[in-house]
Ligand code: SF4
């Protein structure tokens, strides 16, 4: 079963070729519940953008093109419709 986070996981697009493609097969496509990123997300923890499914990190040039501002995390809390101090 494919991971439900593939469309918003910042590191998933990097798994198209080479050694990283193996991680996609093992984790994203088949056993995402064992993915270190998925485990953290499920616990409400935003993982580092460079965290790989096996718990290691992308380094050097491999991580340079990752958008460190974009990551998968818990949904934001809804904002209050009443501004503080006006009720
Ligand atoms: S790296 Fe982990 S969280 Fe991201 S798509 Fe793959 S299995 Fe899901």
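Only the coordinates and a few stated rules stand behind these numbers; no lab work does. In this text the structure is predicted, and so the values were computed from the model without any measurement. Cβ atoms come from the backbone with ideal geometry, glycine included; neighbour counts cover every protein chain shown.
Taking 17 Å as the cut-off, the amide N atoms of region 2-24 that come nearer than this to a point 7 Å along the Cα-to-beta-carbon line of residue 31 belong to 2-4, 20-24. Is the shape of region 12-64 rounded, prolate or oblate, going by the alpha carbon gyration tensor and its root eigenvalues a ≥ b ≥ c, with a/c under 1.5 for rounded and a/b larger than b/c for prolate? Oblate shape, in that a/c is at least 1.5 and b/c is the bigger or equal ratio.
If the chain linking residue 1 and residue 16 were pulled fully straight, counting 0.36 nm for each residue of separation and taking away their Cα-Cα distance, it would gain 3.6 nm. Per-residue Cβ neighbour counts within 10 Å put 33, 39 in the sequence 33, 39, beginning with the fewest.
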